[in-house]
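Visitor: Sharing a structure with you now.
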Amino acid sequence: MDLQALNAMRPGATVNVGLIQGGSVINAVPDYARADIDARVIQPEDVELVTQAIQAIADREYVPGVHTHLTGAFHVGPMAYTPAIEKLAILAQECAQELGFSVNIASTGGISYANHFAMLGMPVLDGLGPLGGLDHSPHEYISK
């Protein structure tokens, strides 16, 4: 519940426990448990704030004698929607229109190589690859 509450901490921040594992049999208290957390932010300055909030939750002792050890970190910073990126996105829309198709401007919160360039302050666009659907699933496809 405490991790879930972090979703309202900062605009665009999301914290999701996506995988929980523990134990080996159903009739015994497990010697350990594991929860994998997917945390995302829109603004680079929110990385540290969300990290500290998750660490504070991990530091609490909810059950006497049970302790949490937090590992991992944000591996890639967010691609904030800056004025320079907006200007480049509008230019891409104008170019696409001249060529007879459209490009939609959207911020998805995903991660790609573009994030590395954005963290250096470079205007960059992402998501201009092939059209398809069901991304990141066994049924992902590319349209003609």
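Values in this text are rule-based calculations from the coordinates and carry no lab data. It should be emphasised that the depicted structure is a prediction, and the values quoted were computed from it without experimental measurement. All Cβ positions, even for glycine, are placed from backbone atoms using ideal geometry, and neighbour counts span all protein chains on display.
Visitor: Provide the per-residue ³J(HN,Hα) series for region 117-131, in order, calculated from phi with Karplus coefficients 6.51, -1.76, 1.60 and θ = phi - 60°, each as a whole number of Hz, with x at glycine and proline positions.
Guide: 5, 4, 5, 8, x, 8, x, 8, 10, 9, x, 9, x, x, 7
Visitor: Could you work out how far apart the two model spin labels at Leu91 and Ala8 are, taking each label as a point 7 Å from the Cα in the direction of the beta carbon, and quote it in nm?
Guide: 4.1
Visitor: Excluding the sites themselves, what is the longest stretch of the chain that contains no GluC sites (Glu not before Pro) in a DSSP loop with at most 16 other C-beta atoms within 10 Å?
Guide: Here the longest segment lacking exposed loop sites spans 62-139.
Visitor: Short version: ³J(HN,Hα) in whole Hz for each residue of region 75-82, in order, from phi by Karplus 6.51 cos²θ - 1.76 cosθ + 1.60 (θ = phi - 60°), x for Gly and Pro, what are they?
Guide: 8, 9, x, x, 9, 5, 7, 8
Visitor: Now a separate question. Give the relative contact order (percent, whole number) for region 52-144; include only Cα pairs under 8 Å separated by 6+ residues.
Guide: It comes to 22 percent, rounded to a whole number.
Visitor: Rounded to the nearest angstrom and ordered from largest down, what semi-axes does the equivalent ellipsoid of the chain get from its C-alpha gyration tensor (root of 5λ)?
Guide: 38, 20, 11
Visitor: Follow-up. Round to the nearest 10 and give me the degree value, 0 to 90, for the angle of helix 83-98's Cα axis relative to the longest principal axis of the chain.
Guide: Between helix and principal axis, roughly 50 degrees.
Visitor: How are the Cα pair distances of region 74-144 distributed, in percent, across 10 Å bins from 0?
Guide: Binned Cα distances yield the sequence 18, 43, 33, 6.
Visitor: Also: Where nothing but the Cβ of Lys and Arg (+1) and of Asp and Glu (-1) is charged, how large is the charge dipole of region 1-111 around its Cα centre, in debye to the nearest 20?
Guide: Dipole of region 1-111, to the nearest 20 debye: 120 debye.
Visitor: Give me the angle, in degrees from 0 to 90, between the Cα long axis of helix 46-59 and the longest principal axis of the Cα atoms of the chain, rounded to the nearest 10.
Guide: So the helix axis and the longest Cα principal axis differ by about 10 degrees.
Visitor: Using only the alpha-carbon atoms, what does region 1-86 span along each of its principal axes? Please give whole angstrom values in decreasing order.
Guide: Cα extents, longest axis first: 57, 22, 19 Å.
Visitor: What's the longest piece of the chain with no exposed chymotrypsin sites (Phe, Trp or Tyr not before Pro), counting a site as exposed if DSSP puts it in a loop and it has at most 15 other beta carbons within 10 Å?
Guide: After excluding every exposed loop site, the longest remaining stretch is 102-144.
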